[in-house]
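Asker: One structure coming up, written as structure tokens, with questions to follow.
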Amino acid sequence: MPTTPTRTGGAFLERKSTLAIARQGRPRFNDILVVEDTKLDADRLKATLHSIFGYEIVTRHAATLGSALDRVIERQPDLIFLDDHLKPNDNAAHTIPFLRRCNYTGPIIVVSGLLDRKRAATLIKAGAAVTIHKDSLDSGSIAEALAQIHEMPTDAGPVTASDDAAATKT
């Protein structure tokens, strides 16, 4: 679901207002783990999270599956953002079960540059709460994903954040 070149400033502002709405009455995340092997992408995501939640939250980073498992065992995060493809050859569908075996029961948002409906379904089946295409990763899509997680009944299945303002359930 690549981004379209026809995005407008109005669409961006509409998504930003979703962020403000999402901050009201939503559960607070205090400890977020970003599992991303590219430092620039990790830093960009952490900066976006700080713009959403402020700088009082803890954003930890892990560049490999091994370090992610160590971080989860060390202290359970409230939320995990997981890159779909970690070097050398780990992918989120294989990584999520390892995170769950470390007794992590919280939401996992998978960020993928190769996201399509089939891949999103695979990731959801593996245990992701929400999937977001890497090209669509901004404060608006994160706010949408968090709102979807908040609105999910405890027995409901995960959802996929789309490139548009609306999200589709898988």
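Computed from the coordinates by the stated procedures, all read-outs in this text should not be read as laboratory data. Every value quoted in this text rests on a predicted model; they were computed, and no experiment measured them. For neighbour counting, all protein chains shown are included, and Cβ atoms are generated from backbone atoms with ideal geometry for every residue, glycine included.
Asker: In Å and whole numbers, how far do the C-alpha atoms of region 97-156 stretch along each principal axis, longest first?
Answerer: 30, 23, 18
Asker: Still on this model: Along each of its three principal axes, how wide is the spread of alpha-carbon positions in region 42-140, in whole angstrom units, largest first?
Answerer: Result, largest extent first: 36, 30, 24 Å.
Asker: Can you give the FRET efficiency to the nearest 0.05 for residue 103 and residue 135, using r as the Cβ-Cβ distance and R₀ = 41 Å?
Answerer: After rounding to 0.05, the efficiency reads 0.80.
Asker: Given the Cα-Cα distance of residue 121 and residue 43 and 0.36 nm per residue of separation, how much length would full extension add, in nm?
Answerer: Numbers: separation 78, 0.36 × 78 = 28.08 nm, distance 2.75 nm.
Roughly 25.3 nm would be gained on extension.
Asker: Still on this structure, please answer the following. Would you please give the FRET efficiency between residue 50 and residue 73, computed as 1/(1 + (r/R0)^6) with r the Cβ-Cβ distance and R0 = 35 Å, to the nearest 0.05?
Answerer: After rounding, the FRET efficiency stands at 0.90.
Asker: Right, here's the next one. Report the gain in length on full extension from residue 151 to residue 31: 0.36 nm times residue separation, minus Cα-Cα distance, nm rounded to one decimal.
Answerer: Result for the pair: 41.2 nm of gain on full extension.
Asker: Would you tally the net charge around residue 108, using a Cβ to Cβ cut-off of less than 12 Å, leaving residue 108 out, and scoring K and R as +1, D and E as -1? Please list the in-between numbers first.
Answerer: On the way: positive: 100; negative: 78, 83, 84.
Its environment carries a net charge of -2.
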